[in-house]
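*Asks:* Okay, here's the structure, questions in a sec.
None of the figures in this text is laboratory data; all of them are computed from the coordinates on show. Model, not experiment: these values are computed from the prediction. Cβ atoms come from the backbone with ideal geometry, glycine included; neighbour counts cover every protein chain shown.
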Amino acid sequence: MTDPTHVPLTPEETSALVQRAVRGGERRLRTRRIASGFAAVAVVAALGVGALSVLTLPGRAPIPASPPVSLSKAPETPTAPIPFDAGIQEGLETLLLDLPGVKAGPEEIADERPGGSYVAGGYLDANTPVTVTLSPVPLRDGDAKQVTSPPLLPEDSTFWELTDAASPDVQVWARERSDGATVTVRVGLGYLPHDEPNTPSIPARIDGVDVLKFLSSDEWGPLLDAVSAAQ
Amino acid sequence: MGDRDDFEGWARDAAGPLFRHALMLTADRHLAEDLAQETLTKMYIHWPRIDLAAHPLAYAKQTLYRQFVSGRRRRSAAELVTDSFPQLAVPELDVAGSVDLRRALGRLSPTERAVVIARYAEGLPTAEVATLLGRSEAWVRKTASRTLAKIRRSQDLAPDTERRSLA
């Protein structure tokens with residue numbers, strides 16, 4: 001029996017599908033060019049110390065972007081406020097969903113982030129948040145474990161698996177480019193006590209190989225360039 | 001390497017096979033079109049870096065499967081999220097059995113569905129499914145085994161359906 005839903009595309013439908021794909025691709029390429037262009041011409045002038053603000057997802061427990069845990073390496077604080085760029089934020093949110101198993105949060109985050117850093121949040125399952133932070137500054141010195149094994153890590157970056165003695169359930173990886181720009185992936189609730197409402201007893205885990213492939217993607221290039229140049 | 005001017009010609013040829021895979025995964029014509037379109041969009045973006053001698057359709061299929069598993073949604077699309085899954089297209093099954101099986105498959109997670117479709121509906125070897133989903137062969141074997149057990153336990157399935165359809 002042939003399934004009634006299994007009817008192939010007509011030539012017209014095929015043509016329309018291809019055209020929509022091309023238009024969508026052009027739109028995304030344009031967004032990336034804008035993000036890169038912004039970074040190239042951004043003039044940074046101001047004083048102050050930025051710090052990542054608390055990231056709050058609707059209906060969930062708050063996730064601190066700078067949680068009170070003892071990571072052996074952690075993002076430094078940028079020294080100057082950077083104008084917020086929606087293109088970079090959108091690029092970060094889009095890339096976050098390339099991480100296997102990660103779904104967008106109940107509401108996409110588009111708030112301004114101070115200090116030139118950008119944060120996007122999603123979920124690995126119903127309760128395990130995933131946060132990706134894009135920062136123009138390098139990680140603080142420490143004794144984090146450097147990842148040197150495959151998959152094919154880009155040579156312009158150092159990859160770290162960060163440890164968190166206070167929160168063993170939290171998984172953190174970072175890509176630190178030679179110019180200091182970093183991407184950090186954090187999976188888990190971290191500092192929150194396990195008797196907190198909405199806190200899972202056994203948080204979902206993510207495969208480190210998947211995270212490394214994700215961080216190695218050459219799609220990070222324009223975004224890292226953008227935050228780095230703006231700094 | 002691909003030239004974007006050549007993309008449309010390739011995409012017209014690839015759209016049919018990609019749509020067929022998408023339809024098997026989503027069992028919904030509109031979702032399948034969305035999935036195929038998103039896959040082609042990604043292919044368009046990466047087209048200049050894709051080696052045309054290295055089977056771009058295989059790369060596109062990998063992109064499509066991973067896209068499905070990641071549950072990515074196009075932000076501009078006004079999609080209706082439901083907690084039930086529509087019928088899943090599995091060709092060449094008897095009517096009663098296929099309806100039961102679709103219902104049972106519809107209760108699986110996207111990852112489980114992708115493994116079952118790739119491994120059993122498409123008949124791909126474990127190694128190929130592992131490559132397709134970016135996982136290890138051990139993970140595929142474990143997930144396939146666990147998912148089959150889950151289907152067997154499904155109350156949607158008539159006693160003989162699973163044996164006839166998935167054995």
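*Asks:* Check which residues have an amide H placed less than 5 Å from A:Thr128's amide H, if you skip close sequence neighbours.
*Replies:* When sequence neighbours closer than 5 places are left aside, the close amide H contacts are A:Ala204.
*Asks:* List every residue whose amide H lies under 5 Å from the amide H of A:Leu97, counting only residues 5 or more places away in sequence or on a different chain, with H placed 1.01 Å from N in the peptide plane.
*Replies:* When sequence neighbours closer than 5 places are left aside, there are no close amide H contacts.
*Asks:* Moving on to the next point. Which order do the peptides B:107-116, A:11-20 come out in when sorted by mean C-beta neighbours inside 10 angstrom, highest first?
*Replies:* Details: B:107-116: 20.8, A:11-20: 15.9.
The packing order, highest mean first, is B:107-116, A:11-20.
*Asks:* In the stretch B:3-59, if every C-alpha pair distance is counted and binned at 10 Å from zero, what percent goes to each bin?
*Replies:* 25, 54, 20, 2
*Asks:* Other chains near B:29-42: what is the mean number of their Cβ atoms within 10 Å of each residue's Cβ? Spell out each step's value before the answer.
*Replies:* On the way: counts 5, 0, 0, 3, 5, 2, 0, 6, 9, 3, 1, 8, 9, 5.
Shielding by partners across B:29-42 averages 4.
*Asks:* Using a 10 Å cut-off on Cβ to Cβ distances, tally the other chain neighbours for every residue of B:132-139 and report the average as a whole number. Don't jump to the answer; show the numbers that get you there.
*Replies:* Values: counts 0, 1, 6, 4, 2, 0, 0, 1.
Across the residues of B:132-139, the mean count of other-chain Cβ atoms within 10 Å is 2.
*Asks:* Moving on. Reachable lysines from B:Lys150, Cα under 24 Å, same-chain residues fewer than 8 places away excluded?
*Replies:* A:Lys103, B:Lys142
*Asks:* Highest mean first, how do B:128-138, A:171-181 rank when packing is the count of other Cβ atoms within 10 Å averaged over residues?
*Replies:* The packing order, highest mean first, is A:171-181, B:128-138.
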